[in-house]
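Colleague: Just dropping this structure here.
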Amino acid sequence: MIWNETKECMSRDELTCLQNARLVKLVDRVYHNVEYYRKKMQAVGLEPGDIRGIEDLPKLPFTTKDDLRETYPFGLFAVPLSQITRIHASSGTTGKATVVGYTRHDLDIWSECVARCITMAGLGKNDIIQVAYGYGLFTGGLGAHYGVEKMGATVVPMSTGNTKKLINMMIDFGVTGIMCTPSYLLHIAEVIDEMGVKDKIKLKASINGAEPWTENMRKQIEQKLGIHAHDIYGLSEVMGPGVAADCWLHKGLHIQEDHFLPEIVDRTTLEPLPDGQTGELVISTLTKEGIPLVRYRTKDLTSITHEPCECGRTTARLAKFTGRSDDMLIIRGVNVFPSQIEAALLEMDETTPHYRMIVDRVNNLDTLEIQVEVEERYFSDEIRELEKLSKKIAHVIQQAIGLAVKVKLVEPNSIERSEGKTQRVIDKRKLE
Ligand code: DLL
């Protein structure tokens, strides 16, 4: 809920007014503090005074992951490093990660945004919440963690890994809320069944995100665990979890519009689309100090509505995400680009760049198998040599993408060649 000075929910007019003022400040800030942005704006003949409010937004150039890569690591930071309190990073399309920095103020706003999402899920100060997103450079763990603390509930920082231990603690501590990826929660539900401890679980609600999931998956989670499952969206470039989340009505994700200005644009023409039409979500960060972004292309596909929600919140709502406009995969919550695999294979003498990625979901956990063509001579070697080579390749790929993979070596020319776009990825996960 976004409150005005009289502690009432802000009206749309009040929100628009706030967004206009914040957008003007954002443009001024990036123009004067980030050389890269200044040059980008000058290249299209723009000065800060040309932007007087959200109506002028389409005049501004877009920002993409490539811009972050080109300015790696700190080139888009708008404050000196001495004012950066924390750094997070996520996979880039090739070797380099995209790096984001937060000032103390950014971290406070992030916690506030996550706290609002927890409130939307009906959890409060008296709840005990397990955070089972990964802790570390990924924004999921720490982002959720400080949100729980900010809202005054009790946080159990589980991270990912040991599911039985997580369940035992869930029982012993009387955990009432959990934040993790939806596929992991389905896996947890299965292990709870296997352990035969469902009647000992006090869970009321979950807050799930970091990967695409469907309404059907939400219902499955709710049925299996007897809880309310909520969707939370975010991306590290823009902040991390907490950019948007759904309320108890599950009629779209309320975007925190006082901090994030959304647009939906056509994925090919990049022209703004009206409410209800699916396109790419573009976000301008209205309050961020560390790494403010203007018109950031998230590559996530959704639509928007400004119709008021029956819950009383006045913020716009995003439809459940239907996919991405690029080839990024999310495997066990980790963002993976096929180009990362290709780059890793090209660095090795033993391999050819002919490969295929088979993504599957077994017991609600994602698996990734990489089939790689190697020269004929390896197949005439001893089987031990072949095993050694596949372990070596698996290690190199794991170093590159941060995810354990299974490697299957295949004979030359066994992976189908194509004259057009080669199908590198076979994603067998069915999101129903
Ligand atoms: O996944 C931040 C996050 C952590 C969000 C925990 C929610 C919960 P990144 O690693 O930068 O950040 O990945 C961002 O994940 O562009 C989407 O493609 C996808 N994504 C995140 N949340 C959702 C969601 C975190 N609720 C990328 N539904 C985004 C669908 C999601 N896709």
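Colleague: Taking the Cα centroid of the stretch 240-263 and of the stretch 312-350, what is the distance between the two, rounded to the nearest whole Å?
Modeller: Taking the Cα centre of the stretch 312-350 as reference, the centre of the stretch 240-263 is 20 Å away.
Colleague: In addition: If you rank Tyr31, Tyr355 by how much accessible surface each has, with a 1.4 Å probe, what is the order from largest down? Numbers along the way, then the final one.
Modeller: Numbers: Tyr31 30, Tyr355 5 Å².
Per-residue accessible area, sorted high to low, gives Tyr31, Tyr355.
Colleague: Now, a different point. Rounded to the nearest 0.05, what FRET efficiency do Lys392 and Thr16 have when you use their Cβ-Cβ distance and R0 = 35 Å?
Modeller: It comes out at approximately 0.05.
Colleague: Next question, about the same structure. Could you rank the peptides 153-163, 46-56 by their average count of other C-beta atoms within 10 Å per residue, with the highest value first?
Modeller: Order by mean packing, descending: 153-163, 46-56.
Colleague: So for Thr315, Thr119, what's the accessible-area order with a 1.4 Å probe, most first? Could the numbers behind the result be given before it?
Modeller: Numbers: Thr315 10, Thr119 70 Å².
Highest to lowest solvent-accessible surface, that is Thr119, Thr315.
Colleague: Points 7 angstrom from Cα along the Cβ direction at Glu222 and Thr287: gap in nanometres?
Modeller: Result: 3.0 nm between the two label points.
Colleague: Return the distance in nm (one decimal) between the two label points of a simple spin-label model at Glu385 and Asp326, each offset 7 Å from Cα along Cα→Cβ.
Modeller: 4.0
Colleague: Round to a whole angstrom and tell me the spacing of the C-alpha centers of the stretch 70-86 and the stretch 191-211.
Modeller: 39
Colleague: How do Glu149, Glu416, Glu211 rank by accessible surface area computed with a 1.4 Å probe, from largest to smallest?
Modeller: Solvent-accessible surface, decreasing: Glu416, Glu149, Glu211.
Colleague: Which FRET efficiency value, to the nearest 0.05, do you get for Glu271 and Glu416 by plugging their Cβ-Cβ distance into 1/(1 + (r/R0)^6) with R0 = 51 Å? Kindly include the intermediate steps, with their values, before the conclusion.
Modeller: Details: r = 37 Å, r/R0 = 0.72.
Taking R0 as 51 Å, the efficiency between Glu271 and Glu416 is 0.90.
Colleague: I would also like to ask the following. Using the structure shown, list the pairs from Lys164/Lys198; Lys198/Lys320; Lys125/Lys150; Lys204/Lys320; Lys65/Lys391 with a Cα-Cα distance above 20 Å, or answer none.
Modeller: Flagged as over cut-off: Lys198/Lys320; Lys204/Lys320; Lys65/Lys391.
Colleague: Non-local amide H neighbours of His354 (under 5 Å, H modeled in plane, Pro and chain starts lacking H): which ones?
Modeller: Glu373
Colleague: Sticking with this one: Subtract the Cα-Cα distance of Tyr72 and Cys311 from 0.36 nm times their separation in residues, and report this length gain in nm to one decimal. Could the numbers behind the result be given before it?
Modeller: Details: separation 239, 0.36 × 239 = 86.04 nm, distance 4.18 nm.
Extra length available between Tyr72 and Cys311 comes to 81.9 nm.
Colleague: Step through the residues of the stretch 246-253 one at a time and calculate ³J(HN,Hα) from phi using the Karplus curve (6.51 cos²θ - 1.76 cosθ + 1.60, θ = phi - 60°), rounding each to whole Hz and writing x for Gly and Pro.
Modeller: So the Karplus estimates, Gly and Pro as x, are 9, 8, 5, 7, 6, 10, x, 9 Hz.
The values are calculated or read from the model by the stated rules, or taken from the named source; none is laboratory data. Note that this is a predicted model, so its numbers are computed, not measured. All Cβ positions, even for glycine, are placed from backbone atoms using ideal geometry, and neighbour counts span all protein chains on display. All accessible areas refer to the heavy atoms of the entire protein, side chains included, with ligands and DNA or RNA removed. Shrake-Rupley method; radii C 1.70, N 1.55, O 1.52, S 1.80 Å.
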